[in-house]
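Peer 1: Quick one: the structure is below, questions incoming.
Taken together, the values in this text are just the output of simple stated rules run on the coordinates, not laboratory data. No experiment lies behind these values; they were computed from the predicted model shown. We place every Cβ from the backbone using ideal geometry, glycine too, and count neighbours over all the protein chains shown.
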Amino acid sequence: MSWNFTATSVAIDDVEAELTKAADAYRAGLAANDYALDDAANEAIGVAIASAKAIAESGVTGGTLVNVTLSGHANPGHKPVKGWSNDVVTVTVISAEAPPTT
């Protein structure tokens with residue numbers, strides 16, 4: 001199943017918590033429409049959140065705020081399925097710092 005969610009202007013120390021909230025909200029939206037993520041998708045989301053946290057904490061984006069977008073697709077058991085996309089996880093971490101005014 002495919003999934004995607006975003007957290008914007010997040011303090012680096014809050015990345016994991018804010019992404020977990022965003023993932024929970026995404027799951028709740030699916031549940032409202034009688035859909036649910038399977039174990040493979042939930043596993044991929046956990047790895048994506050951990051990856052985004054590691055990137056944000058590394059300092060490679062500079063500053064103290066980041067925008068994070070996570071997306072992906074996971075087939076049941078992470079096995080290819082004819083006619084479906086292969087498994088993929090995309091992690092985007094962007095600095096959300098405003099440039100200096102002077």
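Peer 1: Going through Thr69, Thr61, Thr92 one at a time, which residue ends up being part of a loop (DSSP other than H, G, I, E, B), surrounded by 12 or more Cβ atoms within 10 Å (Cβ to Cβ) and not acidic (Asp, Glu)?
Peer 2: Thr61
Peer 1: So for region 51-71 (the condition being more than 13 Å from Val15 (Cα to Cα), touching a residue at least 60 places away in the same chain (Cβ under 8 Å) and in contact with a strand residue (DSSP E or B) (Cβ under 9 Å, 6 or more places away or on another chain)), does at least one residue qualify?
Peer 2: Within region 51-71, one or more residues are more than 13 Å from Val15 (Cα to Cα), touching a residue at least 60 places away in the same chain (Cβ under 8 Å) and in contact with a strand residue (DSSP E or B) (Cβ under 9 Å, 6 or more places away or on another chain).
Peer 1: May I ask you to list the residues in region 72-102 that are without any contact (Cβ under 8 Å) to a residue 60 or more places away in the chain, over 14 Å from Thr6 (Cβ atoms) and under 16 Å from the mean Cα position of the chain (by Cα)?
Peer 2: Passing the criteria: Asp87, Val88, Val89, Ser95.
Peer 1: Applying the selection to region 13-26, what residues are crowded, with 18+ Cβ neighbours inside 10 Å and under 11 Å from Trp3 (Cβ atoms)?
Peer 2: Ala22, Ala23
Peer 1: Looking at region 1-48 only, could you name the residues that are in contact with a Phe, Trp or Tyr (Cβ under 8 Å, 6 or more places away or on another chain) and part of a strand (DSSP E or B)?
Peer 2: Listed by number, the residues that qualify are Trp3, Asn4, Phe5.
Residue by residue, here is whether (1) under 19 Å from His78 (Cα atoms); (2) touching a helix residue (DSSP H, G or I) at 6+ places or on another chain (Cβ under 9 Å); (3) of a type in the set (A, V, I, L, M, F, W, C) holds:
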position: Tyr26; (1), (2), (3): no, yes, no
position: Ala31; (1), (2), (3): no, no, yes
position: Asn42; (1), (2), (3): yes, yes, no
position: Ile49; (1), (2), (3): yes, yes, yes
position: Lys53; (1), (2), (3): no, yes, no
position: Ser58; (1), (2), (3): no, no, no
position: Gly62; (1), (2), (3): no, no, no
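Peer 1: If you go through region 27-44 one residue at a time, do you hit one that is surrounded by 13 or more Cβ atoms within 10 Å (Cβ to Cβ) and farther than 16 Å from Met1 by Cα?
Peer 2: Within region 27-44, none of the residues are surrounded by 13 or more Cβ atoms within 10 Å (Cβ to Cβ) and farther than 16 Å from Met1 by Cα.
Peer 1: Next up: Pick out the one residue from Gly46, Gly83 that is farther than 14 Å from Thr20 by Cβ and not hydrophobic (A, V, I, L, M, F, W, C).
Peer 2: Of Gly46, Gly83, the one residue that is farther than 14 Å from Thr20 by Cβ and not hydrophobic (A, V, I, L, M, F, W, C) is Gly83.
Peer 1: Continuing with the same structure: Take the residues in region 3-30 that are of a type in the set (Ser, Thr, Tyr) and closer than 13 Å to Asn42 by Cβ; name whichever of them is nearest to the chain's Cα centre (by Cα).
Peer 2: Thr20
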